[in-house]
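Below: one structure, written as structure tokens.
The values are calculated or read from the model by the stated rules, or taken from the named source; none is laboratory data. This one's a predicted model, so the numbers in the text were calculated from it and none came from an experiment. Positions of Cβ are generated from backbone atoms using ideal geometry, with glycine treated the same way; all protein chains shown enter the neighbour counts.
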Amino acid sequence: MSTSLLWTSIFAFFLLAGMLLRLWLATRQIRHVARHRDQVPADFAQRIPLSAHQRAADYTLVKSRFGIIEMALHAVVVLGWTLLGGLDALNHFLLDQMGGGMWQQIALLASFALISGLIDLPSSLYQTFVIEQRFGFNQMTLKLWLSDLLKSTLVGVAIGLPLAALILWLMGATGSLWWLWAWCTWMGFNLLLMVVYPLFIAPIFNKFKPLDDASLAARVTALMQRCGFASKGLFVMDGSRRSAHANAYFTGFGAGKRVVFYDTLLKQLTPEEVEAVLAHELGHFKHKHIVRRIIGMFAISLLGFALLGWLATKGWFYTGLGVMPNFSIPGVAGSAPNDALALLLFMLAVPVFTVFLSPLFAQMSRKHEFEADAYAVAQTQGADLASALLKLHEDNASTLTPDPVYVKFYYSHPPATERLARISHSAPGAAA
């Protein structure tokens, strides 16, 4: 068996295995949630009405069933781009129209992104205007949805095309260690984005205004001072323009961090509960979870770029994924490099294999959430945190009865039952 055929077989096996694994997990989740739909868990029977529990179950079931369709579509799309020759056909079409060179490579990346975006549009529309609308979460009009789509496209073009051009130039101009230079560029871009996003990009989509509730601002400021945390301000975001879901988060980097509350969160929670939720977020910083994740991202992306640097030189990497490599002669005008092809094939192939690592990352994330909860209990009242979590689960229609195996594989946050049990153990007054 040739190396190319072996690579094709390995890729096809993992693509099929990953799809079957996700299908098995989704069906487990559907069966488990449906089985427990008609009874609120005993620990929550006094606090969660049966109607709210059933609404959460129905919301989970609808999303899970639609997720199966999306999963199958995604597998077909990946197969179409690779082994069925879609990317190869697009590349040769652009070569015929433009010849080889930088502009053809940029056009290939842009065309791929455009086609992929168009394929995803029906799914996005259905999720927003059918599923979210059905359960009362969607607040968007079609006009706002189209406006967001246009803005995100323009921002993507303004940021993505220059970055892609720089990466492609590095791949062709810096020799065999191009991947190291490209990695440095990618990491620098991500760090810069942490600074730029809250100041210039996020305001394109949402309105941010200073928190004008003096009492809540004083409470939150005292908490941050107590925790040794400095920020550039407290802001309220008009999340209700798009969704009824609630959230709060930190954004920015270094001394430029901002605290952002969704307006929906402030409507749903008491000041004491808002303080407890914020203390949870502060716990992530105190335990250096954010720094660890950034370092982890650095390490994983370095390995990824190094692997891409090796694969890009192997003919079987292209032919095994249904693409005929371009004819390329360094320094010869008109020859067509394979750099854009390598980037796209790598982006398509990596998720096929890394899906099996999901439980490891999910477990690490759940551990961090427990640590942040413990910190919040130490800084505020555990009962307030428990009450806030329960309200958010109910208002966001999060099921209280997920399948345990599904949780282990996918959940970045522990289920409410586990979180509240931990909080109750460390703060008896918070028993659910």
Would you tally the residues in segment 86-132 being assigned to a helix (DSSP H, G or I), of a type outside the set (A, V, I, L, M), surrounded by 14 or more Cβ atoms within 10 Å (Cβ to Cβ) and more than 28 Å from the chain's Cα centre (by Cα)? 4
Among the residues of segment 377-393, which ones are over 23 Å from Ala56 (Cβ atoms) and surrounded by fewer than 21 Cβ atoms within 10 Å (Cβ to Cβ)? Ala378, Gln379, Gln381
Residues to consider are Arg28, Arg65, Arg22; find the one that is in contact with a Phe, Trp or Tyr (Cβ under 8 Å, 6 or more places away or on another chain) and not small (Gly, Ala, Ser). Arg28
Return yes when Ala158 is out of contact with any helix residue (DSSP H, G or I) (no Cβ under 8 Å at 6 or more places or on another chain), free of Cβ contacts under 8 Å to residues at least 12 places away in the same chain and either more than 21 Å from Leu114 (Cα to Cα) or of a type in the set (D, E, K, R) (or both) and no when it is not. no
Kindly list the number of the only condition in (1) closer than 16 Å to Ile290 by Cβ; (2) loosely packed, with under 14 Cβ neighbours inside 10 Å; (3) in contact with a strand residue (DSSP E or B) (Cβ under 6 Å, 6 or more places away or on another chain) that fails for Ala230. (3)
Among (1) assigned to a helix (DSSP H, G or I); (2) of a type outside the set (A, V, I, L, M); (3) surrounded by fewer than 16 Cβ atoms within 10 Å (Cβ to Cβ), where does Thr313 come up short? (1)
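Residue by residue, here is whether (1) over 26 Å from the mean Cα position of the chain (by Cα); (2) surrounded by 15 or more Cβ atoms within 10 Å (Cβ to Cβ) holds:
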site: Phe14; (1), (2): no, yes
site: Ala34; (1), (2): yes, yes
site: Arg37; (1), (2): yes, yes
site: Pro41; (1), (2): yes, no
site: Leu73; (1), (2): no, no
Within segment 150-161, does at least one residue satisfy the condition of being in a helix (DSSP H, G or I), farther than 28 Å from Ser243 by Cβ and of a type outside the set (Ser, Thr, Tyr)? yes
Meets criteria (under 30 Å from Ala376 (Cβ atoms) and in contact with a helix residue (DSSP H, G or I) (Cβ under 9 Å, 6 or more places away or on another chain)) for Ser152: no
Over segment 44-65, the set of residues part of a helix (DSSP H, G or I) and free of Cβ contacts under 8 Å to residues at least 12 places away in the same chain is Ser51
Going through segment 18-43 in order, the residues found to be closer than 30 Å to Lys314 by Cβ and touching a residue at least 12 places away in the same chain (Cβ under 8 Å) are Gly18, Met19, Leu21, Arg22
Condition (residue is aliphatic (A, V, I, L, M) and in a loop (DSSP other than H, G, I, E, B)) applied to segment 235-249: is it met by at least one residue? yes
Residues of segment 133-149 that turn out to be outside any helix (DSSP H, G or I) and among the polar types (S, T, N, Q), as a count: 3
Being farther than 30 Å from Glu272 by Cα and either touching a residue at least 24 places away in the same chain (Cβ under 8 Å) or not aliphatic (A, V, I, L, M) (or both) is the requirement here; does Phe208 meet it? no
When the residues of segment 235-259 are narrowed to those that are among the aliphatic types (A, V, I, L, M) and modelled with pLDDT of 90 or more, which ends up surrounded by the fewest Cβ atoms within 10 Å (Cβ to Cβ)? Val236
